[in-house]
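K.L.:
I have a structure I would like to understand better, so I am pasting it below and will then ask my questions one at a time.
Only the coordinates and a few stated rules stand behind these numbers; no lab work does. Values in this document were obtained by computation on a predicted structure and should not be read as measured data. Cβ coordinates were reconstructed from backbone atoms using ideal geometry, including for glycine residues, and neighbour counts include every protein chain displayed.
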Amino acid sequence: MISKFLDLGLQPLANKYLNKHKKLSVTKDELYQLNVCFDSKTKIVSISKKIPVQKMFNNSYPYKSSMSITMLNSFKKLSLNIKKKFNPKLFLEIGSNDGALIQNFNVNNVICVEPCSNLARITRKKGYLTYDNYWNQALAKKIKKKFNTIDVIYAANTITHIADLNDVFKSITELLSKNGILIIEDPSLLECIKQISYDQFYNEHIYVFSALAVRNLVKKFGLELFDIEKLQTHGGSLRYYIKRVDNKKLKIKKSVSIQIKKEINFGLSKISTYKKFGEKTIESRRKLISLMKNIKLNNKKIIGYGATAKATTILNYCNIDEKIIDYFVDTTPDKANKYMPGKKILIKKYSLSLIKRVDFIFLGAWNFKKEIFKKEKKFIRNGGKFITHVPLPKIL
Ligand code: JHZ
């Protein structure tokens, strides 16, 4: 049974930052209803309205993975591990973005798949074979014809962005060698629910995975989880290591049953847990609005830091506009001088001077809190304060 547990209202597409010269208000047909549901049979959590991929991932996709040192370090560490543990002759990344991971591999060993052609151009320029296609069976067949099978297939923050999971896994099994490994990583549903980070839900995040859901999902394709790594990235992610069931060379590690047990004990297989999360989200919204309004009553200045896709959900769900947040700062070139989706809040290209005379900074990129705090020591020393909504709205 599929049950709705969260209604985040009408939302614009995240990552669709509005140009200054265009009409600022989004029209009704540019908004979609963001509901989040739980399927008690498969244990999959998903948003109810699926937006056509071309609308989300095209030749002007602004997000670049290499904008944060945290992600660059995480990918560097992973590349060393992959080489050490699996030493793949051919490594394929689905959703290679601007090459933050594959830049650690030799050009001859890597195949990139990236449907956003502005990003595909970047890895191609660096010499990596890049298909600017959506991941599907037609593409898998095309790659198979040329390269036969692949030893390691990897996808970070990508599989959860594709609606047709059957097609995703059929395409992967088509290409994966007999003893091949599939590694996927995505934000952890357990962490999302625990931390009330409801902003993990937006149009691109069609699914937020739990280990429970992934275990059920891959089974249908003759695959199984053999290891799970916990990561600090994106507010707590899980890295799933998956193999063919008939590959008996790799033993199933304890990490799998430990994570599944944790999720069951927390209640991730029960709708009541999600309903509670829905209620806590409403409370979180109330607290964040009241906290920010109180600050504004004292005539203080708030700006946003990190014009994230996640922030789109918060601003639109909480109806936070330019009267509350003066502007956002962000290092991503393609977000600069645009407006936050659905709100008239300008995004400025990050510079130190932009946070100088500011009293409060709302962490749009709360998932990079550590990295940002390290960078903004001076702001903190001078009495500046950060605001977060995770796990609860508060001033830090
Ligand atoms: P970040 C995107 O989500 C979209 P977002 C996507 N759907 C997804 O799954 C995740 O990424 C992985 C900026 N920044 O990573 C850079 C600074 O300005 O939380 C980014 O614009 N200064 C594919 O957008 C944003 O913050 C800094 O010091 O929610 C971070 O975006 C740092 C560290 C970041 O993802």
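K.L.:
State the Cα centre-to-centre distance between the stretch 24-100 and the stretch 128-189 in whole Å.
P.N.:
13 Å
K.L.:
OK, next. Would you report the distance distribution of C-alpha pairs in the stretch 198-259 as whole percents per 5 angstrom bin, up to the bin with the largest distance?
P.N.:
Histogramming the stretch 198-259 at 5 Å steps yields 4, 16, 24, 23, 16, 10, 4, 2, 0 percent.
K.L.:
Let me ask something else about it. Any chance you could list the semi-axes, whole Å, largest first, of the equivalent ellipsoid that the Cα gyration tensor gives for the stretch 48-146, using √(5λ)?
P.N.:
Rounded to whole Å, the semi-axes are 22, 18, 13.
K.L.:
I've got another one for you. Taking every pair of alpha-carbon atoms in the stretch 228-279, what share in percent sits in each 10 Å bin, from 0 to the bin with the longest distance?
P.N.:
With a bin width of 10 Å, the distribution comes to 20, 38, 32, 9, 1.
K.L.:
Diagonalise the Cα gyration tensor of the stretch 163-280 and give the resulting equivalent ellipsoid semi-axes, square root of 5 times each eigenvalue, largest first, whole Å.
P.N.:
Semi-axes from the Cα gyration tensor: 26, 16, 12 Å.
K.L.:
Nearest 10 degrees, 0 to 90: what angle lies between the long axis of helix 309-318 and the longest principal axis of the chain (Cα atoms)?
P.N.:
40 degrees
K.L.:
Give me the tail of P(r) for the stretch 109-166 as a percent: Cα-Cα pairs with distance above 14 Å.
P.N.:
60 percent
K.L.:
Checking the cross-link filter: which aspartates and glutamates have an alpha carbon closer than 20 Å to that of residue 84, excluding same-chain neighbours under 8 positions apart?
P.N.:
Straight-distance partners of residue 84: 93, 151, 185, 227, 229.
K.L.:
While we're looking at this one, here's another question. Give me, ordered by chain and number, the residues 5 or more places off residue 9 or on other chains with an amide H under 5 Å from its own placed amide H.
P.N.:
34
K.L.:
Let me ask another. With angles folded into 0 to 90 degrees, how steeply does helix 271-297 sit against the dominant principal axis of the chain? Use alpha carbons for both and round to 10.
P.N.:
30 degrees
K.L.:
What percent does the relative contact order of the chain come to when contacts are Cα pairs within less than 8 Å and at least six residues apart?
P.N.:
This gives 17 percent for the chain.
K.L.:
Work through the residues other than residue 36 whose Cβ is under 9 Å from its Cβ and net out their charges, Lys, Arg +1 and Asp, Glu -1.
P.N.:
In short, 0.
K.L.:
Where the Cα atoms of the stretch 324-396 are projected onto their three principal axes, how long is each span, largest first, in whole Å?
P.N.:
Reported extents, whole Å, longest axis first: 29, 27, 21.
K.L.:
Now for a separate question. Which loop-located trypsin sites (Lys or Arg not before Pro) does the stretch 113-147 contain, where loop means any DSSP state but H, G, I, E or B and the Cβ has at most 16 other Cβ atoms within 10 Å?
P.N.:
126
K.L.:
Hey, what angle do you get for helix 69-86 against the long axis of the chain, alpha-carbon based, 0 to 90 degrees rounded to 10?
P.N.:
Once rounded, the angle reads 10 degrees.
K.L.:
OK, next. About the Cα centre of the chain, how large is the charge dipole given +1 on each Lys and Arg Cβ and -1 on each Asp and Glu Cβ? Please answer in debye to the nearest 20.
P.N.:
Around 800 debye, computed over the chain.
K.L.:
To the nearest µm²/s, what D does Stokes-Einstein give for the stretch 184-224 at 10 °C and 1.306 mPa s, using the Kirkwood radius over alpha carbon pairs as Rh?
P.N.:
Rounded, D is 142 µm²/s.
K.L.:
Here's something else I'd like to know. What are the principal axis extents of the Cα atoms in the stretch 1-71, in Å, biggest first?
P.N.:
45, 36, 20
K.L.:
Same structure again: Using only C-alpha positions, report the orientation-averaged shadow area of the convex hull of the stretch 47-87, nm², one decimal.
P.N.:
About 5.1 nm², averaged over all directions.
K.L.:
Considering only the other residues whose Cβ falls under 11 Å of the Cβ of residue 328, what net charge follows from Lys and Arg at +1 and Asp and Glu at -1?
P.N.:
It works out to a net charge of +2.
K.L.:
Under 20 Å from a point 7 Å along the Cα-to-Cβ line of residue 359: which residues of the stretch 323-342 have their amide N that close?
P.N.:
Counting backbone N atoms under 20 Å from the label point, the list is 323-329.
K.L.:
Here is a further query. How big is Rg to Rh over the stretch 92-142, alpha-carbon atoms, Rh as the Kirkwood inverse-mean-distance radius?
P.N.:
On the Cα set of the stretch 92-142, Rg over Rh gives 0.94.
K.L.:
Could you give the Stokes-Einstein D for the stretch 217-359 in µm² per second, using the C-alpha Kirkwood radius, 10 °C, 1.306 mPa s?
P.N.:
This corresponds to a translational diffusion coefficient of 84 µm²/s.
K.L.:
Also, I was wondering about something else. How big is the charge dipole of the stretch 13-129 about its Cα centre, in debye rounded to the nearest 20, if each Lys and Arg gets +1 on its Cβ and each Asp and Glu gets -1 on its Cβ?
P.N.:
For this selection, approximately 180 debye.
K.L.:
What's the Cα-based Rg to Rh of the stretch 72-201, Rh via Kirkwood?
P.N.:
0.97
K.L.:
Lys and Arg at +1, Asp and Glu at -1: add these up for the other residues within a Cβ distance under 13 Å of residue 170 and post the number.
P.N.:
0
K.L.:
For the chain, which semi-axes, largest first and in whole Å, follow from the square roots of 5 times the eigenvalues of its Cα gyration tensor?
P.N.:
Whole-Å semi-axes of the equivalent ellipsoid: 35, 24, 20.
K.L.:
Could you tell me the center-to-center distance, by alpha carbons, between the stretch 216-252 and the stretch 322-382 in angstrom?
P.N.:
Comparing the Cα centres of the stretch 216-252 and the stretch 322-382, I get a distance of 36 Å.
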